[in-house]
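Worksheet for the structure shown next.
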Amino acid sequence: MGKALERRAMTAVVDDICDSVGDDPTAVLKVTRLKKKNEYTYLHCVAVSALMIALGRHLKLGEDTVRELGLAGLLHDIGKMTIPTDLLEKPGRLTAAEFEIVRAHPENGYAMLMEDNMSSIVHDVILHHHEKLDGSGYPHRLSGDSITLHARIGAICDVYDAVTSKRSYKRQWTPSEALTQMRSWTGHFDPEILDAFMRCISIYPIGLLVRLRSNRLAVILTENVTRPTEAMARAFYLPRELQFIEPADVRLSSGLKGDAVVEIEDPERWFPGEWEGVRDAVLSGQQPTFATLGDLSAATVAS
């Protein structure tokens, strides 16, 4: 994403992946075979593994669990070994019949690893990373609490990497575009884990309402392509005082100094029924007021 490579961080990821597969050489063999089958799927699995490790650590899960998440990411699409190569590499849209074949990969992957010494976390992510909270996913149409935390993590990391990857048949989305779309898919992802994922990778969609370290509410303005962790935001509201302020542009910091995002806020908490007007005014550089937006003082709460 335009950032310089951080050797120390990279080595830590490699160590985690090595630890996660170190006790099971068959896992390495399967991933190597996947590379020969389809280069994109192989690279996708490595990327999802790294993202799941990062998110698991951000959620403060135990290191043993983090390593299992890393292994689950590496193997989550192993079922695509059973899909015909010409179908995996088809440059255009799949037909309904072809899509049904591809949809079988979670169950195929689960069946492939049934006799291997894999944890329940790995099996669960392989089988359920395409389930959705509203029950519209596959293969079992699970919903709500029946989808585990590990499968929810896998679903977010899988889709994020897929839509931000370049493919022959579609334009890759920028990180900001991807997260904007993912947040708009009601019932697809766990919203709390998706918010945690955004904080984990320090990339936020344009127009998102956030709380800054300076305890101001702000709207994300731009995605910084060359340094994604240093986007711009426009501060416009003091939540403790319940008052608008003159909009001020802030360059977000990824370090301990300067202003940074500390929380993703729910617009309906602060501006019920009026968020679109507030956001549009702020993005255009205007200072919203309760007089112009309606009396919201009774609906807002102090932090």
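Read the figures in this text as sums done on the coordinates, not as results from a lab. If you're wondering where the values come from, they're calculated on a predicted model, not measured in any experiment. Quick reminder, even Gly has a Cβ in these numbers, built from the backbone with ideal geometry, and neighbours come from all protein chains shown.
Worth pointing out:
- For the peptides 74-80, 186-192, the ranking by mean Cβ contacts within 10 Å, running from highest to lowest, is 74-80, 186-192.
- Measuring r between the beta carbons of LEU61 and THR186 and using R0 = 22 Å, the FRET efficiency lands at 0.25.
- For the pair VAL262 and TYR40, label points projected 7 Å from Cα toward Cβ lie 4.3 nm apart.
- Listed from fewest to most Cβ neighbours within 10 Å, the set TRP185, TRP173 follows the order TRP185, TRP173.
- Gained length - LEU242 relative to LEU87, 0.36 nm times residue gap less alpha-carbon distance: 50.2 nm
- Estimated FRET transfer efficiency (GLU100, SER202; beta-carbon r; R0 41 Å; 0.05): 0.60
- Between ASP145 and ASP249, the distance separating the two model label sites (each 7 Å from Cα on the Cα→Cβ line) works out to 4.8 nm.
- The magnitude of the dipole of region 7-201, with charges of +1 and -1 set on the Cβ of Lys/Arg and Asp/Glu and taken from the Cα centre, is near 860 debye.
- The GLN172 and GLU276 beta-carbon pair, evaluated with R₀ = 25 Å, returns a calculated FRET efficiency of approximately 0.30.
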